[in-house]
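Right, one structure below, let's go through it.
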């Protein structure tokens, strides 16, 4: 059974997504959706994803709350910048952040957090040096960004994944 459906939850979600996008539950759409679901599961098998072990699942809720608050605050800040409120000179730039984290799922989660927060963007991660480069729309203090990423996000992700 695992050869046919190696990732049953992913396959089910792909089928549901297919039907939602087509807005129809006809025999043809269900058949094509099942084909997409099967092929999607097989493609994930070919990727040979590393296994994940979440050590402290309760920390996920705390991290999600922090990220939600930061996204709302960043939306308001970027909105003020776009609308031209506050007349101070804006400076954007790149910040290099040394990371202790090496877990692939932790780094992927950090990439999603940083990129989904308005005004910031994951640019590069140098795995050899362990240095993350981000772009910040309104860069005031490099050290504040380093402290924010390491204390608010990396610390929690280390607890979850390593």
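For the condition in the same structural domain as residue 63 (by TED's automatic domain parsing), surrounded by 12 or more Cβ atoms within 10 Å (Cβ to Cβ) and without any contact (Cβ under 8 Å) to a residue 40 or more places away in the chain, what is the one hit in 103, 111? Please lay out each step first, then the result.
Numbers: 103 fails: without any contact (Cβ under 8 Å) to a residue 40 or more places away in the chain.
Answer to the selection: 111.
Taking segment 56-115 on its own, how many of its residues are assigned to a helix (DSSP H, G or I) and within 25 Å of residue 158 (Cβ to Cβ)?
Initial filter on segment 56-115 (assigned to a helix (DSSP H, G or I)): 58-83, 104-115.
Still in the list and also within 25 Å of residue 158 (Cβ to Cβ): 58-74, 104-115.
Number of matching residues: 29.
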Query raised in the report: Hey, among the residues in segment 22-48 that are surrounded by 11 or more Cβ atoms within 10 Å (Cβ to Cβ) and within 30 Å of residue 157 (Cα to Cα), which one's nearest to the chain's Cα centre (by Cα)?
Result: 44
Query - Residue within segment 84-93 that is in the same structural domain as residue 155 (by TED's automatic domain parsing), touching a residue at least 24 places away in the same chain (Cβ under 8 Å) and under 19 Å from the mean Cα position of the chain (by Cα) present - result: no
Report summary line: Of the conditions (1) without any contact (Cβ under 8 Å) to a residue 12 or more places away in the chain; (2) part of a strand (DSSP E or B), the single one that residue 28 does not satisfy is (2)
Report task. Looking only at segment 63-86, decide whether some residue is in contact with a strand residue (DSSP E or B) (Cβ under 7 Å, 6 or more places away or on another chain) and under 30 Å from residue 9 (Cβ atoms). Result -> no
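The values are calculated or read from the model by the stated rules, or taken from the named source; none is laboratory data. Treat the numbers as computed from the prediction; the structure is a model and nothing was measured. Here the Cβ is made from the backbone with ideal geometry for all residues, glycine too, and neighbour counts use every protein chain on show.
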